[in-house]
Structure formats: C-alpha cells, structure tokens
C-alpha cells in the first residue's frame, strides 16, 4: 500500500513479508495486552487505508504539479 501511495515500487512487499509483519503485530498485541480492535473500528481503519491508497497518489501528483519550478525571483519593493 505504501508503494502505491508513494509510487515507489521498492516498497512493495510479498506475501511472506506481509505475514512476517502481521505476526510481529500480533506478538506486540499479546505482549502488551492490548485490547482487540472492534469490527467497526477496523472497518473505519480499512476505509481510511483504502482512501489513502486510492487518493494519495492523486494528491501527491496534484501537489507536485502546483509547485513552482526552478528558482523564484524575490524582489524587494520600495517603501515611501
């Protein structure tokens, strides 16, 4: 997901890596006795992640297009 949002193919992870991350998160959850996330909260997290994956690259593209290109000339105005 990060690879898609950042348009960086080097961040793409495979199934083995995804499982490794999932297992590590579950271990932290068990070690710190964190409460399980409710299905409603998980659904909102999933929606947020999906929105980021869909619209994130678009926002980054729009922001990149609106940036001024090259050095900007700064002028000093005369005061009366």
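Considering each residue of region 32-45 in turn, at least one proves to be in a helix (DSSP H, G or I), under 13 Å from the mean Cα position of the chain (by Cα) and either modelled with pLDDT of 85 or more or exposed (fewer than 10 other Cβ atoms within 10 Å of the Cβ) (or both). Looking at this structure, is residue 3 modelled with pLDDT under 80, touching a helix residue (DSSP H, G or I) at 6+ places or on another chain (Cβ under 8 Å) and either surrounded by 10 or more Cβ atoms within 10 Å (Cβ to Cβ) or assigned to a helix (DSSP H, G or I) (or both)? Yes. The combined condition, being farther than 22 Å from residue 8 by Cα and in contact with a helix residue (DSSP H, G or I) (Cβ under 8 Å, 6 or more places away or on another chain), is not fulfilled by residue 45. Here residue 57 fulfils each of the conditions (1) free of Cβ contacts under 8 Å to residues at least 24 places away in the same chain; (2) surrounded by 10 or more Cβ atoms within 10 Å (Cβ to Cβ) apart from (1).
Number of residues in region 6-28 that are outside any helix (DSSP H, G or I) and surrounded by 10 or more Cβ atoms within 10 Å (Cβ to Cβ): the value is 4.
The values are calculated or read from the model by the stated rules, or taken from the named source; none is laboratory data. Just so it is clear, the structure is predicted and the values come from calculations on it, not from any experiment. Methodologically, a virtual Cβ is constructed for each residue, glycine included, from the backbone with ideal geometry; neighbour enumeration extends over all protein chains shown.
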